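Scroll down for the structure; my scribbles are underneath it.
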Amino acid sequence: MAIYDLVVIGKGLIGSAALRHLTVNCPELDVCVIGPDEPPDRKAHRGVFASHYDQGRITRVLDPSQLWGALARESIKRYAAIEAASGVKFHHRAGCLRATDLPERIAEIDDCAQTYAPPHQRLDAAGCKAVYPFLAFSEDFIAWDEKGEAGYINPRSLIEAQLSAAAAKGAEIIREIVTAIDCRADGLTIETRAGRQLRARKALLAAGGYSNTLLERKLDMQTKGHTILLAELPRSEIERLRAMPSIISSFEDPSVASLYMLPPVPYPDGKTYIKLGPSGYPEPFFNAVDNDSELLDWFHSEGREDIAEAMKEALHRMIPDLKAVSYHSVPCLITNSVHGKPYIDELEKDRLYLATAGNGYAAKSSDEIGRIGAMLCATGEWHSDLSQEDFRAVYMDGGSK
Ligand SMILES: Cc1cc2nc3c(=O)[nH]c(=O)nc-3n(C[C@H](O)[C@H](O)[C@H](O)COP(=O)(O)OP(=O)(O)OC[C@H]3O[C@@H](n4cnc5c(N)ncnc54)[C@H](O)[C@@H]3O)c2cc1C
């Protein structure tokens, strides 16, 4: 039986990034990733799902959080190199407009804008109307109109790019579901649903919302259902909204929705949609300790109807003249850590490591999260200026490692 130096479990945004970094930074290691492809038919599928089955995830430098901002900036710096190495385009510089009337948020973003100075304009309500006449928020707010690298990434294409760059450097890709990890003093045995057994010196667990299903000592992680609305646009609206950026809004007044929204993006069904989702609505919580029942039901559903309805109203308040052809909603999953930052940690000394818990922010930052996790697993050392303590895994029993 082949013995790998390092196996990455989970072929999502973080796992695929980790794999590529291993091939670049540790070319002497024999590495592979194990994880299933996206199911072709969500409703018929009975395996695991993921948080990235979509065409758009917002990316931007301006961030209220120092830590998340740093993870994003490090990742964004490498987008062009990943595209060049793979020949796969995933980064779309559509810009990102962040609008808010929350004083604390205004101070945080001003601070970030001053420190990192990405190309942007700071606008008041009238200024925003002048630049984006089709958008409506409220009478009084501040908006940062970020250009440069801001916009969106296609998460499916980013994974394809990471995997193709890693495969070109010799990494193996095994498209199967892991069912067990047996961790011993002399190495790990990994079993898959297809009946395969793999041996490895080390493994990095990056199975997103399903990571706990493979661990005996459970991590303190909430997996939350998330509902997104897709509004199909006719050709005339796609043309009219050509200059629309990605949007993040947070307002005190609940009638001005707090949400994120992508500009018109083409989807694999040949249609073009505006996608939006809420921030701050209570969404269903799943205890993804066993992945069968609740999570399966959730991914077989259309998400929550009340949230889809609220998003439809919010969309038409924000783009009052919008003419959409149709609407539908889709379920997704967000994995939250206790401290709101990813868990990147050693779980079993010299054997099993973890990089997961995207907290709804990790797509744009996945390359750096994957890099830190990969390097920790490969070398046992922390390769980042960010404090390792901030990323410690917390267990359900209240303890850390
Ligand atoms: C609706 C929605 C909108 C979002 N918007 C944004 C945004 O605008 N910007 C942003 O930066 N982030 C956004 N996010 C967050 C981002 O998508 C996630 O943080 C990111 O996908 C997390 O990456 P991951 O690798 O941890 O998980 P995933 O991408 O879910 O990957 C986990 C992988 O593990 C695999 N896996 C699971 N179980 C097993 C197993 N047993 N064996 C093998 N493999 C397994 C899965 O198949 C999957 O491929 C959004 C998330 C959602 C749900």
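The values are calculated or read from the model by the stated rules, or taken from the named source; none is laboratory data. Quantities reported herein were computed from a predicted structural model and do not represent experimental measurements. Positions of Cβ are backbone-derived with ideal geometry, glycine not excepted, and every protein chain shown enters the neighbour counts. SASA here: full protein model, heavy atoms, side chains in, ligands and nucleic acids out. Shrake-Rupley method; radii C 1.70, N 1.55, O 1.52, S 1.80 Å.
Close amide H contacts of ASP54 (hydrogens built in the peptide plane, cut-off under 5 Å, sequence separation of 5 or more or a different chain): ARG156. Kindly express, to the nearest 10 degrees and within the range 0 to 90, the angle between helix 362-379's C-alpha long axis and the longest C-alpha principal axis of the chain. Approximately 20 degrees, to the nearest 10.
In the chain, the longest principal axis of the Cα atoms and the axis of helix 155-168 are about 40 degrees apart. For the pair HIS45 and ALA180 in one chain, pulling the backbone fully straight at 0.36 nm per residue adds 46.6 nm over the alpha carbon distance. Accessible surface computed residue by residue for the range 327-386, with neighbouring protein chains in place and a 1.4 Å probe, gives 32 Å² per residue. With bins 5 Å wide beginning at 0, the percent of Cα pairs of the range 267-364 falling in each bin runs 2, 9, 15, 17, 18, 15, 9, 6, 3, 2, 1, 0. Annotation: amide H-H contacts under 5 Å for LYS202 (H modelled 1.01 Å from N, sequence separation of 5 or more, or interchain): LEU6, VAL7. Between ALA130 and THR379, the contour length at 0.36 nm per residue exceeds the alpha carbon distance by 84.4 nm. Rounded to the nearest 10 degrees, the angle from helix 66-86 to the longest Cα principal axis of the chain is 80 degrees. Other residues within the sphere of radius under 10 Å centred on the Cβ of ASP350, judged by their own Cβ, net out at +2 (K and R +1, D and E -1).
So which trypsin sites (Lys or Arg not before Pro) in the range 325-376 end up in coil per DSSP with only 12 or fewer other C-beta atoms within 10 Å?
Passing sites in the range 325-376 are LYS349.
Dipole magnitude for the range 273-401: computed about the Cα centre from +1 point charges on Lys and Arg Cβ and -1 point charges on Asp and Glu Cβ, it is near 420 debye. In this label model, ASP390 and LEU102 are separated by 1.9 nm, measuring between points 7 Å along each Cα→Cβ vector.
In the chain, the DSSP-assigned H stretches of four residues or longer account for a calculated mean residue ellipticity at 222 nm of -9000 deg cm²/dmol, using -39500 (n - 2.57) per stretch and the full residue count as denominator.
Annotation: extensible slack from GLU216 through ARG242 equals 4.4 nm (criterion: 0.36 nm per residue apart, minus Cα-Cα distance). Which net charge results for the neighbourhood of GLU108, defined as the other residues with beta-carbon distances under 11 angstrom from its beta-carbon, given Lys and Arg at +1 and Asp and Glu at -1? Its environment carries a net charge of -2. Sequence-ordered 3J(HN,Hα) estimates for the range 133-147 from the Karplus curve with 6.51, -1.76 and 1.60 and θ = phi - 60° stand at x, 7, 9, 9, 10, 9, 6, 9, 6, 10, 10, 10, 9, 8, 10 Hz, glycine and proline given as x. Scalar couplings 3J(HN,Hα) for the range 177-194, obtained by applying the Karplus form with A = 6.51, B = -1.76, C = 1.60 to θ = phi - 60°, are 8, 7, 10, 7, 10, 9, 9, 10, 4, 9, x, 10, 10, 10, 10, 10, 4, 7 Hz; x denotes Gly and Pro. Rolling a 1.4 Å probe over the heavy atoms of the protein chains gives the range 1-49 an accessible area of 39 Å² per residue. DSSP beta bridges confined to the chain are antiparallel in about 75 percent of cases.
Along the range 343-356 the Karplus relation, 6.51 cos²θ - 1.76 cosθ + 1.60 evaluated at θ = phi - 60°, assigns HN-Hα couplings of 8, 10, 7, 8, 9, 10, 3, 6, 10, 10, 10, 9, 9, 7 Hz to successive residues, with x for each Gly and Pro. Under 30 Å of direct C-alpha separation, and excluding same-chain neighbours fewer than eight residues apart, LYS129 reaches these lysines: LYS147, LYS271, LYS275, LYS312, LYS323, LYS364. Dimensions of the range 72-206 from C-alpha coordinates, computed as largest minus smallest value along each principal axis and given longest first, are 63, 33, 28 Å. Between GLU252 and LYS323, what is the FRET efficiency for a Förster distance of 41 Å, r being their Cβ-Cβ separation, to the nearest 0.05? Taking R0 as 41 Å, the efficiency between GLU252 and LYS323 is 0.85. Sites listed here are trypsin sites (Lys or Arg not before Pro) in the range 1-105 whose DSSP assignment is loop and whose Cβ has at most 10 other Cβ atoms within 10 Å: ARG46.
Applying the criteria of a DSSP loop state and at most 10 other Cβ atoms within 10 Å to the chymotrypsin sites (Phe, Trp or Tyr not before Pro) of the range 309-357 yields no site. In this structure the amide hydrogen of PHE286, modeled in the peptide plane, comes within under 5 Å of the amide hydrogens of THR223, LYS224, GLY225, none closer than 5 places in sequence on its chain. Counting only the Cα atoms, the chain fills a convex hull of 135 Å³ per residue.
Rolling a 1.4 Å probe over the protein heavy atoms of the range 216-361, with every protein chain left in place, gives an accessible area that is 50 percent carbon and sulfur.
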